[in-house]
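See structure below.
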Amino acid sequence: ENLRQDLYARQLELRSELAKENPDSKRASSLQNDISKLQTQLDQKRIDHMVDMRKINPNAGRGFMGRGGIGYGAGPGSYCWR
C-alpha cells in the first residue's frame, strides 16, 4: 500500500510540474526516474506474489477467463430463468 501511495504522489508531482508555465526539466526527469523505480518495485512484488500463489495452488493465475468467462452462462445484467 505504501508503495502505491508513493507512486501516486510522485505521479501527481510530475503532473503538477509539467502543468507549470515553465516546468523544470531536471525536476520532471527526476520525478519520472522515481516513478520508474517505484513501478519496478511494484512489478517485482506482483511477481513475487504470483510465485507464492503458484506454490500454494499450481493452477492459480492460469486462464483468467476460466469458468464464467466468455461463452459460459449469462453475462452481467442478463436475465437467467434458472
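The values are calculated or read from the model by the stated rules, or taken from the named source; none is laboratory data. Since the model is a prediction, treat every value here as computed from it, not as a measurement. Calculation scope for accessible area: heavy atoms of the full protein, side chains included, ligands and nucleic acids excluded. Shrake-Rupley method; radii C 1.70, N 1.55, O 1.52, S 1.80 Å.
Here is the figure for the stretch 17-64: residues that are more than 23 Å from GLN5 (Cα to Cα), part of a helix (DSSP H, G or I) and hydrophobic (A, V, I, L, M, F, W, C) total 3. The set of residues from the stretch 1-14 being open to solvent by 70 Å² or more (accessible area, probe 1.4 Å), of a type outside the set (Ser, Thr, Tyr) and assigned to a helix (DSSP H, G or I) comprises ASN2, ARG4, GLN5, ASP6, ARG10, LEU12.
I'd like to check something: does the stretch 15-25 contain any residue that is under 22 Å from the mean Cα position of the chain (by Cα) and open to solvent by less than 60 Å² (accessible area, probe 1.4 Å)?
As a first pass, look at the stretch 15-25 and keep what is under 22 Å from the mean Cα position of the chain (by Cα): 15-16.
With open to solvent by less than 60 Å² (accessible area, probe 1.4 Å) added as a condition, the list becomes none.
No, the stretch 15-25 has no match at all.
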